[in-house]
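Here, each number is a calculation from the coordinates, and none is a lab measurement. Computed from a predicted structure; not experimentally measured. Here the Cβ positions follow ideal geometry from the backbone for every residue, glycine too, while neighbour counts run over all protein chains shown.
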Amino acid sequence: MPLIDLETSTGPGGFRYTLSTPADANAEAIVQGTPTLVLIHPIALGSEMFHPIYADPRLRRFNLLTMDLRGHGSTSATVDPHTYGRETAAKDVLHLMDTLKIPASHLMGVSMGSCIALQMAIFAPERVLSICMFSPLPLIEPSEVMAGRQEIWDCWMEAFSNPQNVDSLALKDAMIGGLQGTWNNCQTNLSKVLTAKTVPDIIRNWAPKNYGLFHGVAVNFFLNRPPHPVESLGRIHCPLAVVHCSEDLPYPIHHAQELLNLLQSAGVDAQLFTIDDAPHYGNVTHFEEANDLLYEFFLANSKGTTLPPVPPSVESPFLADLVRLGLQQDDEESDSDGDSSLTGKVLNLSRADARDRD
């Protein structure tokens, strides 16, 4: 996937992005006249989390674009831990769209990505055709969830306090703490492989010399996020779907309902959908149900545009890398002890990488 240098609101920075068209998994430009879906990932997981969307022939009727946000994946743009938030991230995505000459698009954001998508629609309502806020953050981060984020940060700091002798128990506590809110106990082959892909990225990006970056993207981003005024939300003129996953432990459904009520009070054409039995990142664990919902929503909001027919077959640009990490292409469950093998990978990578990154 290519890297691109962007002139951002905070100065120049390098970003990794992935662009696919109906006929090309690794495209250099969109197919003009075909609507584009812009996909914005959550905390920790990078662009690969959208593999099920890129692999779905129905959704490949659209151009698809995603990017690694600051502090994630292979993106090298720096993070000011005191000021980085949804505003900077939204401007980054808009800068990428400008650079690639992508017109008004549909947006789909997951968790942290959903509030970035919303901010884009406030900044540039003319650039947004519709929004899907999947597992959105609540209006205000609950104190118990914020405390959990801080605890994960503390465990991470403890683990790498001596980069020459990484504390494996503290590192495991940090990883398990993050996974509990992400997958619950609903692990699939794909979720395990995505976690394994993410581990070396977060160790490279977040430890140990980049602790400020880590705190900025993993703690301050969520803490410094007041609710939008009704006047700001009133700038949004496109349809919006709020998608709640019923087994979302950090954010029960009343948070999604509060967000929906605020949006509707501002005159936004918003509706609430629920995916049963799915955890916070249900677009991964329950991707068939999620993709059905996404396709119907974006198709309904693409009237007046010409979509190509469903291609007979497509390949995700992420497939080869994920297969190398153990992805079973039919995503059948494995009976192996995925948690213990993952822990081994984490610890081996941490010891090797941390020595070089002090």
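Some values worked out for this structure:
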quantity	calculated
CD proxy at 222 nm, helix term only [per DSSP H run n ≥ 4: -39500 (n - 2.57); per residue of the chain; nearest 500]	-12500 deg cm²/dmol
Pairs of lysines in the chain (C-alpha under 23 Å apart; 8 or more residues apart or interchain)	10
Taking GLU247, GLU7, GLU144 and counting other C-beta atoms within 10 Å, the order from fewest to most	GLU144, GLU7, GLU247
Enclosed volume per residue, in Å³, of the convex hull spanned by Cα atoms of segment 12-160	128
Rounded tilt (10° steps) of 189-206 against the dominant C-alpha axis of the chain	70
Local electrostatic count at THR78 - Lys and Arg +1, Asp and Glu -1, tallied over other residues with Cβ under 15 Å	0
Between segment 128-145 and segment 238-270, the alpha-carbon center distance in angstrom	7
Cα long-axis angle, helix 168-183 against the chain (0 to 90 degrees, to the nearest 10)	20
Shape category assigned to the chain from the gyration tensor of Cα positions, a/c cut at 1.5	rounded
Rounded tilt (10° steps) of 287-300 against the dominant C-alpha axis of the chain	30
Neighbour net charge for PRO279 - beta-carbon separation under 14 angstrom, K R +1, D E -1	-4
